[in-house]
Every structure is written in C-alpha cells, then in structure tokens.
Amino acid sequence: MDLTQLRSRCKPHLWYQLYWVIYLVWFFWLDNTITQPKYIIHAPLDDLIPFNEWFVIPYCSWFLLLVAVTALLWWKDTASYDKLCLMMFSGMTFCLIVYMLLPNGLDLRPTVEEIGRSNPAMWVMQLLWKADASVNVCPSIHCQSTACMAIAISESKLAEERPMLRPIALVWAALICLSTVFTKQHSVLDVVCGLAVAVVWLPVLYRGRNR
C-alpha cells in the first residue's frame, strides 16, 4: 500500500475513532456524577455465581481484543470496520443515555477481607475496583462492545478466508462476558441487556448475508 492509498483509507474511516474522546469524557463525567444510583441491578442467579479473581485476565483482555479487531478490520476490510463502528459506537451511546435516564448500580462486590486471598489477580482486581465504581452498569458496555467485535470479525471477509477466526472470536467474547459476572463487575442482567443492544444490529447490517 502506497502513501496515497494509506491517506485514502485513513481519511474516510480512521476519524471514526475520535468518538472515543466523546465517550471517555461522557463516561467518566457520569461516573463522577452518579455516585448514588437510583436502581440496584440484581438477579437471583448473581448469588449463585462465585467470585473468581482469575477471570480478571479475560476481563482485561477486552482491551487487546478491541485494538486487534479494530486495527485488523480497518486495514483489511473497511466495510466490516464501518459496520463495527456503527454497531459499537451507537450502542455505547445508547447505554450512556440509559445511565443518565435510569441511574443504576451494583451491590455485588465482595470485600478483600471476605475473599481472604492475596495473589496477583487480586491485586489487579483491587486496582480495577478503585478505578471503576459500581455504577452505570446496565446495559454492560463491556459486553455490548465485545459482542459487536465478535459479530464484526465473524461476519467479515477475513473470517471467510480464515474460518478459525470465527470460533476464536466467539470463544474469546464468551470468556470476556463470563468474566464480568465472575469478577462481580456486572450482574447477569447487565450482560443480557448489553448483548441485546449489540445483536439488534444483526438483521439490519447482515440481513440476507450468505456464509
């Protein structure tokens, strides 16, 4: 790819990533503003799911998945990249609006004393809990964006050429979604709602697509 082709690829597509500036400012403003959620999200199934700090590894792998999928689709399949940006960014915006209209949070996190363990995973969990308050959780943006990335890569030209990409993306996404409940970052209700926000785009963007 020469410089002209690179510029033509960057100009109409890469600027979409400026949305992250809007998102981060909006998200952290809400995080600091909504300190007393009006609605506490809880499902009976949450009480049956044990806390497991080692799920922080797939939880944090979200950042790697985000960079990998976004960069790969932008470079190799810009049509799928555009669909990813539409799905993910519109869904994230919808979630932020929900947080504003229906301030919600969790009361699921155990204390360090209750857990009674000290290991590298617990150290990371404590840092995560300090940085991320138990508010603005439903729908789960972590799960919504993860599902969007799995859908986009699975339905891309890359997955047609490399069939193993689809199961890898789906398994990776499933682990990330599971990690949100095992680390008590989210309720199962947050996960279900987050996935719903993502899959609603399937019949719109991939209608009549032949595998």
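General observations
- At the residue level, THR111 shows approximately 60 square angstrom of accessible surface with a 1.4 angstrom probe and all protein chains present.
- Here the dipole of region 96-211 is about 400 debye; that uses its Cα centre as origin and unit charges on the Cβ of Lys and Arg (positive) and Asp and Glu (negative).
- Longest site-free stretch - the chain; sites: chymotrypsin sites (Phe, Trp or Tyr not before Pro), DSSP loop, at most 16 other Cβ within 10 Å: 52-205
- Of ARG109, ARG166, ARG117, the one that fluctuates the most in a GNM where the chain has Cα springs shorter than 10 Å: ARG117
- With one equal scatterer per alpha carbon and no solvent term, the Debye-computed log10 I(q)/I(0) for region 116-211 at 0.19, 0.20, 0.23 1/Å reads -0.93, -0.99, -1.14.
- By the compact-protein rule of thumb, 2.2 N^0.38 Å, the alpha-carbon radius of gyration of region 139-181 corresponds to a ratio of 1.17.
- Among 138-144, 191-197, the peptide with the highest mean count of other Cβ atoms within 10 Å heads the list, and the full ranking is 138-144, 191-197.
- Seen against the Cα atoms of the chain and their longest principal axis, helix 120-131 is set at about 90 degrees.
- Cα-projected label distance for MET122 with GLN17, points at 7 Å along beta-carbon direction, nm: 3.8 nm
- Choice from PRO37, PRO163, PRO58 showing the highest fluctuation, given a GNM over the chain with Cα pairs closer than 10 Å: PRO163
- Taking the chain as the region of interest, the number of lysine pairs whose Cα atoms are within less than 16 Å, with members eight or more places apart or on different chains, is 4.
- 1.4 Å probe accessible area per residue over the chain, in Å²: 54 Å²
- Histogrammed with a bin width of 10 Å, the alpha carbon distances of the chain distribute as 8, 32, 34, 19, 6, 1 percent, first bin at zero.
- Against the criterion of solvent-accessible heavy-atom surface with a 1.4 angstrom probe, ASP132, ASP77 sort, most first, into ASP132, ASP77.
- Nearest-20 debye value, the chain charge dipole, Cβ charges on Lys, Arg, Asp, Glu: 760 debye
- Annotation: HIS42 carries an accessible surface of approximately 90 Å², with a 1.4 Å probe and no ligand, DNA or RNA atoms counted.
- Karplus 3J(HN,Hα) series, Hz, for region 99-112 with 6.51 cos²θ - 1.76 cosθ + 1.60 (x for Gly, Pro): 4, 6, 7, 10, x, 10, x, 10, 9, 10, 5, x, 8, 4
- Segment TRP54-ILE168, length gained on full extension (0.36 nm per residue, minus Cα span): 39.0 nm
- Most positive-pole-ward Cα, SER61, THR35, GLY91, against dipole of the chain from beta carbon charges: GLY91
- With DNA, RNA and ligands ignored, accessible area of ILE34 (1.4 Å probe; Å², nearest 10): 20 Å²
The values are calculated or read from the model by the stated rules, or taken from the named source; none is laboratory data. Model, not experiment: these values are computed from the prediction. FYI the Cβ positions are ideal-geometry reconstructions off the backbone, even for glycines, and counts take in every protein chain you see. In case anyone asks, the SASA skips ligands and DNA or RNA and just uses the protein heavy atoms, side chains included. Shrake-Rupley method; radii C 1.70, N 1.55, O 1.52, S 1.80 Å.
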